[in-house]
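Here the structure is laid out as structure tokens; the discussion comes afterwards.
Only the coordinates and a few stated rules stand behind these numbers; no lab work does. Computed from a prediction, not measured in an experiment: that's the story for all the values here. So basically every Cβ, Gly included, is an ideal-geometry build from the backbone, and we count neighbours across all protein chains shown.
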Amino acid sequence: MDEAEPISEPLGGSLESAPEGEQMHIGLRLSELRLAQRLSVDQKWLLPLHDLKVELLFHYRKVSETWGRGNIVTLLVGSLAFLFGAWDFNSGELSGGGDIWQVGLSGMNSVAWQAFAMLMVSYGLWVIFIYRLMADFPLMRGQTFYLLIAWVVIQFGMINSHAYAPNFPFGASMKTSIWFGVGVAILGFLSFNTWQAVVQTRDLHVESKHSHPDPRQMVQAMRDHSLIAWSVVLIVWGVFVVVNSWAGAHSVALRDPSALWPLRILYFLTGVASIFTLLHVLWFPQMMLGEAGETIESDRAREVSRGLRGEDSVVARQRGSCPSCSAVTAVSRLATGELEVTCSSESCDGIGKPSTRCPACAKVLPTRVACESCGTSAPVIDHLADEDAW
């Protein structure tokens with residue numbers, strides 16, 4: 001395998017105190033990180049694995065530089081929520097499986113007090129954990145909500161499937177597997193929506209904040225904001241969630257004391273792994289965009305939200321204005337948030353994204369625009385209102 005010795009070192013110092021959105025660009029950048037290659041030089045099909053390894057090392061560096069006491073506390077609270085939920089204080093409540101005919105208040109009264117106390121503590125820790133997620137990752141609040149719903153749904157799917165087939169997936173039929181299939185489908189759908197929203201917001205962020213007339217600079221900016229490793233972590237989180245839900249439902253459905261603790265340990269370990277990867281999934285986009293970004297949305301959701309605010313019914317696009325004299329300039333922003341600029345050639349009326357080729361004359365479209373009224377030259381993003389520029 002490739003050697004993991006970095007050729008480029010970080011500039012040094014903790015980035016925990018740096019403003020969000022700047023942590024991505026202070027210290028080591030992804031495009032600057034190099035690793036010694038061995039197999040991927042001769043075996044080209046291994047090159048994607050090498051690139052993934054580089055990105056994972058970059059994520060590790062950024063986690064070690066930016067994660068502070070608050071992130072550790074959040075991870076600890078989530079882990080304790082799983083620990084208290086997986087332990088009944090040796091009261092035999094979990095190994096016995098409970099009485100399915102005892103429901104409502106009578107069912108709560110029939111639970112052993114040790115297990116009931118652990119259950120209440122676990123619920124309280126879950127509330128604190130979710131509150132901390134919402135507070136720590138404000139840009140990802142909507143995605144946090146979706147991913148937690150997906151987690152709950154897959155757990156309900158596992159519980160219902162085990163209700164019909166206690167040894168699930170062994171001995172399961174189409175009828176007993178339907179709930180599991182629905183849970184996995186919802187998990188995949190909500191995870192894909194999260195992935196799509198983050199990727200499309202990243203694209204918009206790079207185009208608007210890192211536009212440059214040199215195409216090579218744009219390629220480097222896109223590389224610095226690569227989401228390949230983040231996407232892999234999102235997939236791994238989904239796998240951990242499925243295994244964790246299976247271990248929790250399986251340990252109760254079997255009602256076998258000899259198999260209880262191995263499954264409970266697996267439930268706890270995969271739960272901690274799920275908490276860590278969930279924090280990673282929410283942390284990276286927050287660090288990448290930080291305070292400079294709006295709520296992370298897909299292009300379609302951004303159009304809908306603008307429509308609900310009435311913006312698309314008033315004006316089809318936002319026109320740019322000179323930052324010095326406020327005169328109208330050749331810059332505009334579409335309803336999707338994408339920037340457009342008019343070609344600088346006098347004989348051409350082409351319009352397109354800054355730093356890309358003009359669709360009419362193939363000339364590179366400018367990233368700076370000079371005001372025709374006062375002559376002030378400024379970057380394209382400076383020609384738009386501050387509250388919309390990110």
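Sorted from fewest to most neighbouring beta carbons within 10 Å, what does the list ARG300, ARG368 look like?
Ranking ARG300, ARG368 by Cβ neighbours within 10 Å, fewest first, gives ARG300, ARG368.
Just to verify a number: FRET efficiency for LEU148 and LYS363, C-beta to C-beta distance, R0 = 56 Å, to 0.05? It would help to have the intermediate numbers written out before the result.
Details: r = 49 Å, r/R0 = 0.87.
With R0 = 56 Å, the Cβ-Cβ based efficiency is 0.70.
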Query raised in the report: Based on the Cβ-Cβ distance of VAL127 and TYR60, what FRET efficiency does E = 1/(1 + (r/R0)^6) give at R0 = 35 Å, to the nearest 0.05?
Result: 0.70
Query raised in the report: Is the shape of segment 137-297 rounded, prolate or oblate, going by the alpha carbon gyration tensor and its root eigenvalues a ≥ b ≥ c, with a/c under 1.5 for rounded and a/b larger than b/c for prolate?
Result: prolate
Query - Overall form of segment 319-388 per C-alpha gyration tensor (a/c, 1.5; a/b vs b/c) - result: oblate
Query raised in the report: If we count every other residue with Cβ under 15 angstrom of GLU346's Cβ, Lys/Arg +1 and Asp/Glu -1, where does the sum land?
Result: -1
Report task. Fewest Cβ neighbours within 10 Å first, please rank THR176, THR201 accordingly. Result -> THR176, THR201
**Report entry** Calculated FRET efficiency for the pair ILE228/ILE178, C-beta based, R₀ 25 Å, to 0.05
**Finding:** 0.15
Report task. Going by C-beta contacts inside 10 Å, put VAL182, VAL272, VAL219 in order with the fewest on the left. Result -> VAL219, VAL182, VAL272
Query - Net length gained if the chain between SER373 and GLN217 were fully extended (0.36 nm per residue, minus Cα distance) - result: 53.1 nm
